[in-house]
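Below: the structure, in structure tokens.
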Amino acid sequence: MESRYNAADIEQKWQQTWAESGLDSTSETTDKPKFYALSMFPYPSGNLHMGHVRNYVITDVIARLKRMQGYRVLHPMGWDAFGLPAENAAIQRNIPPAKWTYENIAQMRSQLQELGLSLDWEREVATCSPEYYKWTQWLFLQFFEAGLAYQKEAAVNWDPIDQTVLANEQVDSEGYSWRSGAKVERKLLTQWFLKITDYAEQLLQDLDKLKGWPERVKTMQANWIGKSVGAYLEFPIVGKDAKIAVFTTRPDTVYGVSYVVLAPEHPLTLQVTTPKQKTAVEAFIQEVASESEIERTAEDKPKRGIKTGGIAINPFNGEEIPILIADYVLYEYGTGAVMGVPAHDTRDFKFAQENDLPIKVVIVPENTDLEMFHETSLQNAYTDPGVMVNSGQFDGISSTEGKSKIIEHAEAKGYGKARIQYRLRDWLISRQRYWGCPIPIIHCDNCGQVPVPESDLPVELPQNVEFSGKGASPLAKLEDWINVPCPCCGNPAKRETDTMDTFIDSSWYFLRYTDAKNLDIPFERGKVNDWMSVDQYVGGIEHAILHLLYSRFFTKVLRDRGLLNFDEPFQRLLTQGMVQGLTYQNPTTKKYIPSATVNPDDPKDPETGEALDVFYLKMSKSKYNGVDPKSVISKYGADTARMFILFKAPPEKDLEWDDADVEGQFRFLNRVWTQVTEWDNSQVVTSNPEKVSKEEKDLRRAIHTAIKEITEDLEGDYQFNTAVSELMKLSNALKDAKCVKSPIYQEGIETLVLLLAPFAPHIAEELWHSLGKTSSIHQQSFPVVDPDALVVDEITLVIQIMGKTRGTIQAPANGDKATLEKLAKESDVAQRYLEGKEIRKVIVVPKKLVNFVVAK
């Protein structure tokens, strides 16, 4: 064995050995408890960044630990490989999306393998491969058969110059197309949806089952689902048979409604608009059409509206109220209309003031002078509970009671009814792009929407495609691909040309891993029920809502289709913090300066000489603050990179990259290397277990304290940083110990290497074999604490005279007060200081000290 720690040679050697021996293959036997450890799979951009490294190393430590603790572990990896970047590459560089994607996958796979991750590569999946998306299409048809997939009109981002649909990412912050520079418009297209709203209540209620999820994430999901309990009310339109339907959580304020607002795109808008207002209304609709949903609903943006000239009737009091349209009301949300109660809603109050609309007070605080709450003196909306006033027969009732009373009245009179509504909307899955999973539907004039027969799956993406970024989707231009006979009647029909949202692919990939090579079905029921749910899921907080919510939705639908038997996909969730790099910014120009061009001791702009602002931000190309994992691995090795990532911060916190701390972990691994390789295990002398010295007892206590602390740190909240600190403490205890020929010292050396194995797998394997072992360290049992070794049978007892410490002695740990007093009196320390003095009092603090009070 080399005397010097050579990370590069060791890591390459063991990675090859592990791969050849199939060390990380998943055991199919069911004689051990299972553990499914999963990292969120990456988009194959081509380059691994430090955020990836942190995610995968965290999961790998957990997987390696569980194997050593006797579990059969499933720890797979794959690629979320459909998406816009590949299509952009095709447009910009004339590279077919498949070629670009698979080249990136190959590059990132090799980068991952350099980290020494214990992944079962035999279960690798890529969502863009026909072998995978065949089953994505099959699952879509399960939704279709269940009535959970349907088409309706919805707005898209439309580039009027290139005549094409744009993704949100292709629209800049000002609302212009990334390619043509045109002002983007909103246009209605017929698109596919999944009916996630049918599962809103289950998705909300089952959050309580997720005991292993961060409360923050569960709250984010609950808010996204957005359950509201209230009333559905209808306002008749003067001169029309139609009514305007609204949902409100404040039916108690209905007597204060002074206007109603329609979404500009609401079908009733043009019906209620008077000839006088027609030109202005159409201009307003055109203006709003160019704005995104985010722009229209932004809290800090002024709310704009215009009167249609139409009039509605408040059925509760018979008053006529104006009908407006406004940018902040969305047709896709709720009923597409809202009632305006400016006296009791902050947004309505401001909108009413700006548009000269009536304000009518109908709720006041208890025991309040009504003059104080007259509309003319009202400075702000009153939104708290109170007593109903100006509300006809309901005057004097508390507003809380009034909610139910108004609903009862509405139901009795036919004005409305109680309703539960959710903020959650059905999932729009259509994408007018090429590089995605084709939707397996054929449109026939005779038969309507016809599922592609299972025997014809997958509907493969055609290869003869031109990418210009202009006009319709590339698929929509391929007549020979689009035109097919109807599977039902045989008449000419057309394929669906939309592809699926990539979130569909990632909503079931964790199920495919359980049976990844199955050619006949997406997964065998027995295997998916055996491995699922995922025991530990690790990924970024940015996926807290959509990916996790969609995955939960998919799981529940497939359960109801009889394909699996569990309710939730992920038992425990760890959202790791970001990796931040040291960032330099010019305070005047706000430009970020590449760190390679800056002297860290005197950070100045290399061009202007200005002093730079220095701070930590998430690593990114645009901020020039990234650290390439390859450079760190080349210099220090993967084990050092892993140790730093784990040691620098708790996994859920942001991590600030620091080269000095990386160097510190490299020195620690070198110290362990020297400790183990320079120790001669042939000199170990077998001793009598009953004649163990104090030094040996102390060392064994240190060994088992490390086992206890590290085991606890690797359960629950996964405090890897403190676990690494415990490894360092054990290393220090071995360094200080003199009993190097003792079997206990040998136990300490072997324990140190075993405890190190999940964290730094390569050096641990090499050191294990240097100790004469022949099988892999990763097939050994993780050390288990011996409670007896933690027992302290001797303590250091402090001797004090008049409260001043004069020395110490060794005493039995469980000695009573009398024994400790006797030993203290007989000690050389006490004899020396008490000679010729009268002892007035003895204070004994068990396990700590004895204090002698003497006469002065």
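A single entry from Val61, Val57, Val53 fulfils the requirement of being touching a Lys or Arg at 6+ places or on another chain (Cβ under 6 Å), crowded, with 23+ Cβ neighbours inside 10 Å and within 24 Å of Gln576 (Cα to Cα): Val57. A single entry from Glu766, Glu821 fulfils the requirement of being of a type in the set (Asp, Glu) and over 30 Å from Glu678 (Cβ atoms): Glu821. Taking segment 228-258 on its own, how many of its residues are in contact with a helix residue (DSSP H, G or I) (Cβ under 8 Å, 6 or more places away or on another chain) and without any contact (Cβ under 8 Å) to a residue 24 or more places away in the chain? Qualifying residue count, segment 228-258: 0. When we screen Asn529, Asn518 for residues that are in a helix (DSSP H, G or I), open to solvent by 20 Å² or more (accessible area, probe 1.4 Å), among the polar types (S, T, N, Q) and closer than 20 Å to Leu74 by Cα, the only hit is Asn529. For first residues located in segment 186-213 and farther than 15 Å from Ile429 by Cβ, partners that are among the hydroxyl-bearing types (Ser, Thr, Tyr) and assigned to a strand (DSSP E or B) and lie 6+ apart or on another chain with Cβ distances below 7 Å form the pairs Ala200/Tyr422. The residues in segment 616-626 that are open to solvent by less than 60 Å² (accessible area, probe 1.4 Å) and part of a strand (DSSP E or B) can be counted, and the count is 1. Please determine whether any residue of segment 570-582 is surrounded by 16 or more Cβ atoms within 10 Å (Cβ to Cβ), in contact with a strand residue (DSSP E or B) (Cβ under 8 Å, 6 or more places away or on another chain), without any contact (Cβ under 8 Å) to a residue 60 or more places away in the chain and not basic (Lys, Arg). Among the residues of segment 570-582, not one is surrounded by 16 or more Cβ atoms within 10 Å (Cβ to Cβ), in contact with a strand residue (DSSP E or B) (Cβ under 8 Å, 6 or more places away or on another chain), without any contact (Cβ under 8 Å) to a residue 60 or more places away in the chain and not basic (Lys, Arg), which makes the answer no. Contact annotation: residue pairs with Cβ atoms under 8 Å, 6 or more positions apart or on different chains, pairing a residue in segment 423-446 that is surrounded by fewer than 21 Cβ atoms within 10 Å (Cβ to Cβ) with a partner that is part of a loop (DSSP other than H, G, I, E, B) and basic (Lys, Arg), are Asp426/Lys195. From the list Gly334, Gly305, the lone residue that is in contact with a Phe, Trp or Tyr (Cβ under 8 Å, 6 or more places away or on another chain), of a type in the set (Gly, Ala, Ser) and farther than 15 Å from Glu234 by Cβ is Gly305.
When segment 56-92 is examined, which residues are found to be of a type in the set (Gly, Ala, Ser), under 13 Å from Ser45 (Cβ atoms) and assigned to a helix (DSSP H, G or I)?
Ala86, Ala89, listed by residue number.
The residues of segment 373-402 that are open to solvent by 40 Å² or more (accessible area, probe 1.4 Å), in contact with a Gly (Cβ under 8 Å, 6 or more places away or on another chain) and in contact (Cβ under 8 Å) with a residue 60 or more places away in the chain amount to a single one, Asn390.
Among the residues of segment 602-613, how many are under 13 Å from Leu582 (Cα atoms) and open to solvent by 70 Å² or more (accessible area, probe 1.4 Å)?
Summing the residues that are under 13 Å from Leu582 (Cα atoms) and open to solvent by 70 Å² or more (accessible area, probe 1.4 Å) in segment 602-613 gives 0.
Scanning segment 465-479 for any residue that is within 33 Å of the chain's Cα centre (by Cα), open to solvent by 10 Å² or more (accessible area, probe 1.4 Å) and closer than 18 Å to Ser39 by Cα turns up nothing.
Report whether or not Lys413 is open to solvent by 30 Å² or more (accessible area, probe 1.4 Å), of a type outside the set (Val, Ile, Thr) and in contact with a helix residue (DSSP H, G or I) (Cβ under 7 Å, 6 or more places away or on another chain). For Lys413, the condition - open to solvent by 30 Å² or more (accessible area, probe 1.4 Å), of a type outside the set (Val, Ile, Thr) and in contact with a helix residue (DSSP H, G or I) (Cβ under 7 Å, 6 or more places away or on another chain) - is not met.
Scanning segment 650-680 for residues that are of a type in the set (A, V, I, L, M, F, W, C) and open to solvent by less than 10 Å² (accessible area, probe 1.4 Å) turns up Leu655, Val662, Phe668, Leu669, Val672, Trp673, Val676.
For the condition of a type in the set (Val, Ile, Thr), outside any loop (DSSP other than H, G, I, E, B) and surrounded by 15 or more Cβ atoms within 10 Å (Cβ to Cβ), Ile359 does not qualify.
Where helices (runs of 4 or more DSSP H) fall wholly inside segment 725-817, the ranges with 1 or more residues that are of a type in the set (S, T, N, Q) and open to solvent by less than 50 Å² (accessible area, probe 1.4 Å) are 743-756, 761-770. Here Ala418 fulfils each of the conditions (1) assigned to a strand (DSSP E or B); (2) open to solvent by 80 Å² or more (accessible area, probe 1.4 Å) apart from (2). A single entry from Ser39, Ser21, Ser45, Ser25 fulfils the requirement of being of a type in the set (S, T, N, Q) and surrounded by 19 or more Cβ atoms within 10 Å (Cβ to Cβ): Ser39.
Give me a count of the residues in segment 681-718 that are surrounded by fewer than 19 Cβ atoms within 10 Å (Cβ to Cβ) and part of a loop (DSSP other than H, G, I, E, B). Adding up the residues that qualify gives 13.
Condition check ((1) of a type outside the set (Ser, Thr, Tyr); (2) open to solvent by 20 Å² or more (accessible area, probe 1.4 Å); (3) in a strand (DSSP E or B)) across all residues:
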| site | (1), (2), (3) |
| --- | --- |
| Trp158 | yes, yes, yes |
| Ile161 | yes, yes, no |
| Val165 | yes, yes, yes |
| Glu174 | yes, yes, no |
| Ser180 | no, yes, no |
| Leu188 | yes, yes, yes |
| Gln191 | yes, no, yes |
| Leu204 | yes, yes, no |
| Asp208 | yes, yes, no |
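For segment 480-507, give me each residue that is hydroxyl-bearing (Ser, Thr, Tyr) and open to solvent by 20 Å² or more (accessible area, probe 1.4 Å). Across segment 480-507, the qualifying residues are Thr497, Thr502.
Scanning segment 387-404 for residues that are more than 46 Å from the chain's Cα centre (by Cα) and among the small types (Gly, Ala, Ser) yields Ser391, Gly392, Gly396.
Pick from segment 93-108 the residues that are over 9 Å from Gly46 (Cα atoms) and in contact with a Phe, Trp or Tyr (Cβ under 9 Å, 6 or more places away or on another chain): which of them is least open to solvent (accessible area, probe 1.4 Å)? Here the answer is Pro97. Filtering segment 331-355 to residues that are outside any helix (DSSP H, G or I) and surrounded by 18 or more Cβ atoms within 10 Å (Cβ to Cβ) leaves Tyr331, Gly334, Thr335, Gly336, Ala337, Val338, Met339, Gly340, Val341, Asp345, Asn355.
The single residue among Lys741, Lys773 that is touching a helix residue (DSSP H, G or I) at 6+ places or on another chain (Cβ under 8 Å) and of a type in the set (D, E, K, R) turns out to be Lys741.
The values are calculated or read from the model by the stated rules, or taken from the named source; none is laboratory data. In this text the structure is predicted, and so the values were computed from the model without any measurement. Reconstructed Cβ throughout: ideal geometry from the backbone, glycine too, with neighbour counts over all protein chains shown. Side chains are part of the model used for accessible areas, which takes the heavy atoms of the whole protein and leaves out ligands, DNA and RNA. Shrake-Rupley method; radii C 1.70, N 1.55, O 1.52, S 1.80 Å.
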